[in-house]
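Quick notes on the structure that follows.
The values are calculated or read from the model by the stated rules, or taken from the named source; none is laboratory data. In this text, all values refer to a predicted model and were calculated from it rather than measured experimentally. Heads up, the Cβs are rebuilt from the backbone with ideal geometry, glycines too, and the neighbour counts pull from every protein chain shown. SASA here: full protein model, heavy atoms, side chains in, ligands and nucleic acids out. Shrake-Rupley method; radii C 1.70, N 1.55, O 1.52, S 1.80 Å.
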Amino acid sequence: MKIDEIGLREVQMPLVRPFETSFGVTRNRRILLVEIHSEGLVGWGECTAGEHPYFSAESTDTAWYVLVNELGPRLAEAEPAHGGDCPKIFSIVRGHPMAKAALENAIWDLEAQREGVSLSQLLGGVKETIACGVSIGIQPSIPALLEVIERELAAGYQRIKLKCKPGWDTEVFEKVRARWPKILLSCDANSAYRLKDADHIAGFDKYDLLMIEQPLWYDDFYYHSILQKRLETPLCLDESIQNRRDALAAIEMESCRILNIKLGRVGGFSEAIAVHNVAQERGIPVWCGGMLESGIGRAHNIALSTLENFTLPGDVSASARYWAEDIVEPEITVSSKGEIAIADVPGRGYAVRTDLVEKLTVRTESMRVSVPVAAR
Ligand code: OSB
Ligand code: MG
């Protein structure tokens, strides 16, 4: 497709409540959005990099740099026919998967519109509704946490995930299980433990957790495989899995029994589908993770979650959990059964509120096709 313009912008969006993980607190999101104009259509993409390089090596500012100086010009010059062409176009650039995903996903978004099919259909999705869970940040106190869980269960969410870290784990699980013995409950440590904590983590088995997400180092398979042998509870890897090869290594080493797939972390839809497929072939269930996305990234997560092997509820929740006003319409809502219904319309299924986006924008850059990358 002929690309007329690639627009890059940073929007700043305050979260309705702070979100605390083992690596820090997020209050305001600085989100990069890309819009790709082609033959009268506009495809949108969201970069899920954090404000700081704490979840992974990328940040809003590293992504801006690599999008403007490397990825944007290469994509514009290459004129890809399909979203699936993007990984090859970007392959000279090492790393920066969240920056790559923003562009690749915008091309898929564009392609779905051009073909007149929903993004879910274009990806090979098979579901009409997807199952939703929530990720609940570390709270000031256990009573405060119980109140949040109460509210999320009343809203219909099918699975509760608790962020945890040393000092915010067993006592918390104990109180939550005492109140709700039967709910689907999991935890996510974002690499807050070390192998010397194995006995302590084995103590989590008592709480019948659906999974323990990324307890050890962010880039590890080997020590997770040792830990998994000592646990009844399945481990789930998030940070460690950057591509299909990682997924296969983790599965073969028995580092985990469940995979979290995030579009940004794996570099976009092509690699996300590849991870999904290899997990499915090996009988490993997957679910879609979240990165506190705006409605644009969320719409892409929803479409991805319609693939067959997304059999566990994802961290894909309603706009209102994050934003006073989301930048898409309709805003994303979750039914009282904890489901999001897939709209059978061309493209991503949620229109971008361009006036609001404009209001939230703090900087822009236009990457027009002019000089070939090789000649710059
Ligand atoms: O590890 O899944 C994670 C948010 C930011 C960074 C990492 C993670 C998360 C979440 C939130 O758990 C998921 C969401 O609701 O978007
Ligand atoms: Mg996680």
(request) Just name the residue that is farthest from ligand 2 (Cβ to nearest atom) out of those in the range 333-344 that are at pLDDT 95 or above and part of a loop (DSSP other than H, G, I, E, B). (result) Ser336
(message) Looking at the range 310-329, can you tell me whether even one residue there is within 26 Å of Gly283 (Cβ to Cβ), more than 13 Å from ligand 1 (Cβ to nearest atom), buried (at least 20 other Cβ atoms within 10 Å of the Cβ) and at pLDDT 95 or above?
(response) yes
(request) Considering only the range 107-124, state which residues are assigned to a loop (DSSP other than H, G, I, E, B) and under 15 Å from Ile273 (Cα atoms). (result) Gly124
(message) So, in the range 92-137, how many residues would count as being touching a helix residue (DSSP H, G or I) at 6+ places or on another chain (Cβ under 7 Å), surrounded by fewer than 23 Cβ atoms within 10 Å (Cβ to Cβ) and basic (Lys, Arg)?
(response) 0
(message) Of the residues Thr306, Thr333, only one is among the hydroxyl-bearing types (Ser, Thr, Tyr) and open to solvent by less than 20 Å² (accessible area, probe 1.4 Å); which?
(response) Thr306
(message) Please verify whether Asn260 is in contact (Cβ under 8 Å) with a residue 40 or more places away in the chain and closer than 26 Å to Pro87 by Cβ, treating the condition exactly as stated.
(response) yes
(message) Anything in the range 165-174 that is part of a helix (DSSP H, G or I) and open to solvent by 10 Å² or more (accessible area, probe 1.4 Å)? List them, or say none.
(response) Thr170, Glu171, Glu174
(message) Please determine whether any residue of the range 198-207 is open to solvent by 40 Å² or more (accessible area, probe 1.4 Å), charged (D, E, K, R) and outside any helix (DSSP H, G or I).
(response) no
(request) Please work out if Glu79 is touching a residue at least 24 places away in the same chain (Cβ under 8 Å), farther than 26 Å from Val11 by Cα and open to solvent by 10 Å² or more (accessible area, probe 1.4 Å). (result) yes
(request) Have a look at Val266, Val275 and point out the one that is in contact (Cβ under 8 Å) with a residue 60 or more places away in the chain, among the hydrophobic types (A, V, I, L, M, F, W, C) and closer than 19 Å to Ser56 by Cβ. (result) Val266
(message) Conditions first: (1) more than 16 Å from ligand 2 (Cβ to nearest atom); (2) under 22 Å from Asp246 (Cβ atoms); (3) assigned to a loop (DSSP other than H, G, I, E, B). Tyr157 passes all but one, so which condition is the exception?
(response) (2)
(request) Kindly check whether there is at least one residue in the range 175-182 that is open to solvent by less than 10 Å² (accessible area, probe 1.4 Å) and either out of contact with any strand residue (DSSP E or B) (no Cβ under 8 Å at 6 or more places or on another chain) or within 16 Å of ligand 2 (Cβ to nearest atom) (or both). (result) no
(message) Can you find, within the range 235-264, the residue that is farthest from ligand 1 (Cβ to nearest atom) among those that are open to solvent by 30 Å² or more (accessible area, probe 1.4 Å) and over 26 Å from Ile296 (Cα atoms)?
(response) Glu252
(request) Report yes if some residue within the range 191-198 is within 15 Å of Ile138 (Cα to Cα) and at pLDDT 95 or above; otherwise report no. (result) yes
(request) Kindly establish whether Asp208 is away from ligand 1 (no atom under 16 Å from the Cβ) and of a type in the set (Asp, Glu). (result) yes
(message) Looking only at the range 125-139, how many residues end up being over 17 Å from Glu152 (Cβ atoms) and not in a strand (DSSP E or B)?
(response) 4
